[in-house]
1. Please work out the C-alpha center-to-center distance from the range 83-122 to the range 165-212 and express it in whole Å.
2. Ratio to report: Rg/Rh of the chain, with Cα atoms as the point set and Rh obtained by the Kirkwood method; give two decimals.
3. Take the cross-link list Lys485/Lys603; Lys467/Lys608; Lys83/Lys722; Lys83/Lys191 and give me the ones stretching past 32 Å between alpha-carbons.
4. When the accessible area of the range 20-242 is computed with all protein chains present and a 1.4 Å probe, what percentage of it is carbon and sulfur?
5. I'd like the trypsin sites (Lys or Arg not before Pro) in the range 330-428 restricted to DSSP loop residues with at most 13 other Cβ atoms within 10 Å, sorted by number.
6. Give me the Debye-computed log₁₀ of I(q)/I(0) at q = 0.26 Å⁻¹ for the range 256-303, equal point scatterers on Cα only, no solvent, two decimals.
7. Please compute the length gained on full extension between Asp775 and Thr719, using 0.36 nm multiplied by the number of residues separating them and subtracting their Cα-Cα distance.
8. Just want the answer: with Cβ charges of +1 for Lys and Arg and -1 for Asp and Glu, which residue in Leu110, Ala437, Trp26 is farthest toward the dipole's positive end in the chain?
Amino acid sequence: MNRIAQIFETLDYGPAPESPDPALAWLDSHGRKFGHFIDGKWTKPGETFSSDNPATGESLAQVTNGTPEEVDKAVKAARAAFKSWSALSGYERGRYLYAIARAIQKHARLFAVLESLDNGKPIRESRDLDIPLVARHFYHHAGWAQHVAREFPGHVPYGVCGQIIPWNFPLLMLAWKIAPALAAGNTVILKPAEFTSLTALLFAEICERIGLPKGVVNIVTGMGETGQAIVAHEGIDKIAFTGSTEVGKAIRAATAGTGKGLSLELGGKSPYLVFEDADIDSAIEGLVDAIWFNQGQVCCAGSRLLIQESIEERFIAKLKKRMATLRVGDPLDKAIDIGALVAPVQVERIRDLMKRGVKEGALVYEPDGDPLPERGCFLRPALVTNVSPANTLVEEEIFGPVLVAMSFRTPEEAVALANNTRYGLAATIWSENINLALDIAPRIKAGVVWINGTNNFDAAVGFGGYKESGFGREGGREGMAVYLKPSWEKTLAAASSSAAPAKAGAQKSNPLDSDVLDQTAKMYIGGKQARPDSGYSRGVFAPDGKLIGEVGEGNRKDIRNAVEAARAALGWGTTAAHTRAQVLYFLAENLDYRRDEFARRIKAQTGKDGEAEVAASIERLFAFAAWADKYDGAVHNPPLRAVAAAMVEPIGVMAIVAPEEQPLLGSVALLAPALAMGNPIVLVPSQAAPLSITDLYQVLETSDVPSGVVNIVTGDAVTLAKTLAEHDGVDAMWFFGSPEASAMVEKASAGNVKQTWTSRSRAIDLFDKEKFEGDYWLAKATQIKNVWIPYGA
Ligand code: NAD
């Protein structure tokens, strides 16, 4: 046979190499040695480490390991630049972002080749996906810069942002961080991952070339310790981190109590569900993209295949056949599917995890394929079967080309398996039945759901996680929101000492020496009155010290019961918003009937006239009843044949520790938005004056609030807050208290990456309708899930 006939026979690809020369020439032009980019200038290289090409193991360049002093210099430069950068008009800032987008497009190939050299990803991906998305991100955010003042009235940028990114999409993660931060008017210090600093340094040169004002973008390279120095720096107003859940938790703990803003984009173990009516060939192509794109080093990789039992055998057989055609090799070869993993340490980690999984019973299939390159960090695609949900390979994020397959029988089982993970980043659903797909999507706890597609990304569509995959979003309106705060919050003073928590609530006298023993209010758990597990009561005192009642002394066990009851009531979140609105209106109405009684109770506890507070509480319930069916999502129109429905969802079980002051409004102002958005609640009312809320359960009962939706535990606020903050069954927490106790709550919340809000004794006046009747609490009581749906295909 002649050669052409042979090619027809085998359909083999020839090599299609991309030249590394322009990228190497750029590195040469810097002497293959880099300092940092601080205040618009390049610093002298300090102590350096090597950035290697993982496909060959050869060193590409030496990169400086940033010291705390260098971080400090960068923070000072960013601070100095902030004033004038944030004062520019949106149009002016937008033009700079537009200039960056254009410059990236003009040098797209150089960026793509450099990225593939440094990271090991196939040039086909860096060229066709990473870099075009980077440009798209800067374009999109040039637009946000222009309209931010109009779209976010009353909001201002944080100030100086510290941004720390991983190595899997080096330039794309940089774009996801820098573009919204700059559009909002912040200045930044960004640290790329130690394995992949080079495109960030090329980006710095772009900033220089387009004349970005000095100090607006500072790139400081370095290891984890440099990241730690950024996190710890007192001059930084907000930290935005993308990386592993482990480091994300450490950053949560390190920033606790500092008042720094925080957004975390962490790991995942995303399910890929294939139902029996799926278009199997498409689902297999999707799966190739889901798990072998970027060698599986993708936070939202569809790494857990869940497949309906009736098609399992056929699907797996087809999948194995497809896997055998995947080509592993030189990332700069345009006909390669799977390139090099980022570093030897990553290959070792994956091999170790595989060994553990196999020991636990897993079976591993790897296609024979062509021989792997002799050097470099290459692994074959792997399919793991015969695993139980507890197998290491099912539970752990592998971050490599390893797919784990399990089967399910019913949609219910599919949802249960999909959600059986501490993560919640993304999910994919394949089914030709739109009813089924759109029934499953809302039941999956993940920030992104793709239907009959996978790994779709766009700058206009928010991306980010639920649960231990983090909080905050990148992209779209919600991505802008995390770089802005209300102007009043930025200038909020610490509370004056007179507003410091009262000591009331402490046992002042012999607990038996009381004439109000019949007044012992019970706690309220799962729709029933509950006695405290401790068997103790605590006194409630009038300002003159007279005992006016007693409440239960709640403890750890009461909190556990309350959280359990709240979790059983999670269905509140799927109750129609119209129904939730009616319940809140009814609650307001019933409170109105007992207006005088509640006012007297406030007076008895605080000595202050309670009428205004009751009136404000009723009005607040009305306000959030009104919001219940209006705080809606959006539909985005990304440049793909899909729409993305940005659905507003409740966060889950919320813990609320109310302020000491305003015994009724202090709780109602927080309860109302959380309830309106569908979150079941564990509420710890004012420690000093809890009787207004223990009275409220009678109103809750008569207002059709379902059992378990509001649970009330009385007692020592800080002790109860600690248990709540540590509890993995609590998804979000709002806490009013001292700076020290706020720090404790934030630190303890790291365990399951809860979303927290703390008062840190700031002078928050919940009477203020302007501030607190709008979306301030609504945004904190919700998270956005983007559901990608094929459209117009
Ligand atoms: P990593 O957490 O090890 O490192 C991320 C970055 O943090 C690096 O720049 C590193 O130098 C720095 N760092 C390390 N220790 C630090 C510390 N104590 N304080 C401050 N900074 C520190 O993660 P990685 O291995 O580079 O990246 C892989 C992880 O990133 C995966 O878990 C993946 O799922 C996640 N990821 C998430 C998203 C997302 O959007 N959710 C996107 C990409 C990657």
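The values are calculated or read from the model by the stated rules, or taken from the named source; none is laboratory data. Just so it is clear, the model here is predicted, and its values are computed rather than measured. All Cβ positions, even for glycine, are placed from backbone atoms using ideal geometry, and neighbour counts span all protein chains on display. Calculation scope for accessible area: heavy atoms of the full protein, side chains included, ligands and nucleic acids excluded. Shrake-Rupley method; radii C 1.70, N 1.55, O 1.52, S 1.80 Å.
1. 8
2. Taking Rh as the inverse mean 1/r over Cα pairs, Rg/Rh reads 1.01.
3. Listed pairs above 32 Å: Lys485/Lys603; Lys467/Lys608; Lys83/Lys722.
4. Solvent-exposed carbon and sulfur of the range 20-242 make up 54 percent of the total.
5. Answer by residue number: Arg375, Arg409.
6. Treating every Cα as an identical point scatterer, log10 I(q)/I(0) equals -0.95.
7. 17.2 nm
8. My answer, from the dipole projection, is Trp26.
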